[in-house]
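For reference, the structure discussed in these notes is given below.
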Amino acid sequence: MDGPPSPLADRPEEWPVVSSKDLHRDDWVVALRSDRIRRPGHPEEEPFERLVLEHPGAVIVLAVDAEERVFCLSQYRHPAGRRFIEIPAGLCDAHGEDPLEVARRELREEAQLEAGDWTHLTSTYSSPGISNELMHVYLARDLREAGRGDFELAHEEADMTAFWVPYDELLAAVLDGRVGDAPLVIAILVAQARGLAGSGWSQVEGGEHR
């Protein structure tokens, strides 16, 4: 058994693609393709197929107010056949747009809130075995009311409900499995590990944190 890499970190790497074909591609931002790839340095081996869900990335916003409450949404998700407790999130669907700016927009559109203090909690790949989606997770504090502008809720979003939950109650729901939306779980656990919210919160000094 080999030892761990040093430093202990993921690294970029690309294996040779022998052929590629689209299985689904239209005018939306997500596409599905099939690649036939080969292990580097093994030209004698047969190529093998891997499906790739192309995804532009996403942002997730853990908005916590002065009373240590989290802004939450209840929303139906058709693929899972389930209504999830979630936090504001959205696609990075404008090419070259800063993820923090996407987070600001999603907080306004879904929560009708603005934040004066932003902390980047982490960026994580949602399911790298099939997708290149990279999720950028932010903590938003110093909240104030804001308008949606000309954005209108539609489809599942038009049916979602919004409410505030004490951070420690939401953490308990994560730990005992009552809520299972991955972005919410990641945001809550990273914030908890870093001591940035809930009963263990230690004030992060300064204005905007990236």
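The values are calculated or read from the model by the stated rules, or taken from the named source; none is laboratory data. For clarity, every value in this text was computed on a predicted model and none was experimentally measured. Virtual Cβ from ideal backbone geometry, glycine too; neighbours counted across all protein chains shown. Protein only, heavy atoms only, side chains kept; ligands, DNA and RNA dropped before computing areas. Shrake-Rupley method; radii C 1.70, N 1.55, O 1.52, S 1.80 Å.
With the simple spin-label model, which puts each label point 7 Å out from Cα in the Cβ direction, the T122 to A172 separation comes to 2.4 nm. In a GNM of the chain with a 10 Å cut-off on Cα contacts, which of R178, R141, R38 has the highest mean-square fluctuation? Its mean-square fluctuation being the largest, the pick is R38.
Taking the Cα centre of the chain as the origin and placing charges on Cβ (Lys, Arg +1; Asp, Glu -1), which of G3, M135, L73 is farthest toward the positive end of the dipole? About the Cα centre, the residue reaching furthest to the positive side is G3.
Based on C-alpha pairs under 8 angstrom that are at least 6 apart in sequence, the chain has a relative contact order of 20 percent.
With a 1.4 Å probe and every protein chain kept in, tell me what percent of the accessible surface of the chain is carbon plus sulfur.
Carbon with sulfur: 50 percent of the solvent-accessible area.
Ranked by solvent-accessible area (1.4 Å probe, protein heavy atoms only, all chains present), the residues Y138, Y76 order from largest to smallest as Y76, Y138. Once percent of Cα pairs over 28 Å apart is calculated for the structure shown, the corresponding label among [x] 29; [y] 33; [z] 38 turns out to be [z].
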